[in-house]
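Visitor: Let me begin by handing over the structure; questions about it come next.
The values are calculated or read from the model by the stated rules, or taken from the named source; none is laboratory data. The shown structure was predicted, so the numbers you read here are calculated from the model rather than taken from an experiment. Positions of Cβ are generated from backbone atoms using ideal geometry, with glycine treated the same way; all protein chains shown enter the neighbour counts.
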Amino acid sequence: QVHLQQSGPGLVKPSQTLSLTCAISGDSVSSNTVTWNWIRQSPSRGLEWLGRTYYRSTWSVDYAESLKSRILIVADTSKNQFSLQLNSVTPEDTAVYYCARVAGGLFHSWGQGTLVTVSS
Amino acid sequence: ETLMTQSPVTLSVSPGERVTLSCRASQGVTSNLVWYQQKPGQAPRLLIYDASTRATGIPARFSGSGSGTEFTLTISSLQSEDFALYHCQQYNNWPWTFGQGTKVEVK
């Protein structure tokens, strides 16, 4: 049974950096059969895939085109977790953020979600 | 990227009714289509994958059909626990994309 536990602040000031972490239990961040993803959800955009990291003999990342200039996803093998950083946030980045484990294109396991509000 | 369009946005129904939700892809996704159910305050839960295969533990009242660009999720007799938000997602064309969701609410 895979469990994903998210942590990070729920309030971020405009122009600052949003940082979230997803701790994994029941699987390894270094697994070569799954990918580790971040998604967000807002009433206006629905579910929006943000990016992923995965290990296939080397580490790789993919990001949503619209966020490429300000997003960073990093895996930490020593803590079996992965993280999201989103720079230069604006109120439009206000959303519930989820981490998720994906296999074969299916989002099998999700974190509990973190409401992040961008406001001064 | 592949745009997924769900309809209707909101569906008002009574318990026991048959419900049909639609999902349309802007380009073909073969049968690589999944449905999720999401209840308030919870993360989405995988219901059906490969367009028509129920995930483990999903009741038989949920069924999926379609291929290519047109897909349907049917709930044969709506139960009280089925009032929720339903999302479709394609995993045929990179990047994976989600629909905007259909909310099934009490009439």
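Visitor: Got a sec? Which of B:ARG54, B:ARG61, B:ARG45 is among the basic types (Lys, Arg) and either modelled with pLDDT under 95 or farther than 29 Å from A:TYR97 by Cα (or both)?
Guide: B:ARG61
Visitor: Same structure, new question: Run A:SER19 past the list (1) polar (S, T, N, Q); (2) within 12 Å of the chain's Cα centre (by Cα); (3) outside any strand (DSSP E or B) and report the number of the one that doesn't hold.
Guide: With (1) polar (S, T, N, Q); (2) within 12 Å of the chain's Cα centre (by Cα); (3) outside any strand (DSSP E or B) applied to A:SER19, the lone miss is (3).
Visitor: Looking only at strands (runs of 3 or more DSSP E) that fall completely inside segment B:1-97, which ones have 2 or more residues that are of a type in the set (S, T, N, Q)? Before you say what the answer is, go through the steps one by one.
Guide: Values: elements: B:4-7, B:10-13, B:19-25, B:33-38, B:45-49, B:62-67, B:70-75, B:85-90.
Qualifying strands (runs of 3 or more DSSP E): B:4-7, B:10-13, B:19-25, B:33-38, B:62-67, B:70-75, B:85-90.
Visitor: Sticking with this structure for a sec: Test of understanding: among B:LEU3, B:LEU73, which residue is surrounded by fewer than 19 Cβ atoms within 10 Å (Cβ to Cβ) and hydrophobic (A, V, I, L, M, F, W, C)?
Guide: Residue meeting the stated conditions: B:LEU3.
Visitor: On the basis of being surrounded by 17 or more Cβ atoms within 10 Å (Cβ to Cβ) and either of a type in the set (Lys, Arg) or touching a residue at least 12 places away in the same chain (Cβ under 8 Å) (or both), does B:ALA43 make the cut?
Guide: No.
Visitor: Could you list, in sequence order, all residues of segment A:101-120 that are within 14 Å of chain B (Cβ to nearest Cβ) and either within 26 Å of A:SER15 (Cα to Cα) or outside any strand (DSSP E or B) (or both)?
Guide: Filtering segment A:101-120 for residues within 14 Å of chain B (Cβ to nearest Cβ) gives A:101-115.
Within segment A:101-120, A:GLY104, A:GLY105, A:GLY111, A:GLN112, A:GLY113, A:THR114, A:LEU115 meet the criteria.
Visitor: Continuing with the same structure: When the residues of segment A:49-66 are narrowed to those that are surrounded by 18 or more Cβ atoms within 10 Å (Cβ to Cβ) and out of contact with any Gly (no Cβ under 7 Å at 6 or more places or on another chain), which ends up nearest to B:MET4 (Cα to Cα)?
Guide: Top of the filtered list is A:TRP49.
Visitor: Please determine, by comparing only the residues of segment A:85-99 that are facing chain B (nearest Cβ under 10 Å) and touching a Lys or Arg at 6+ places or on another chain (Cβ under 9 Å), which one is nearest to A:GLY46 (Cα to Cα).
Guide: So the residue we want is A:VAL96.
Visitor: Got at least one residue in segment A:30-42 being part of a strand (DSSP E or B), at pLDDT 95 or above and over 28 Å from B:GLY41 (Cβ atoms)?
Guide: No - not one qualifying residue is present in segment A:30-42.
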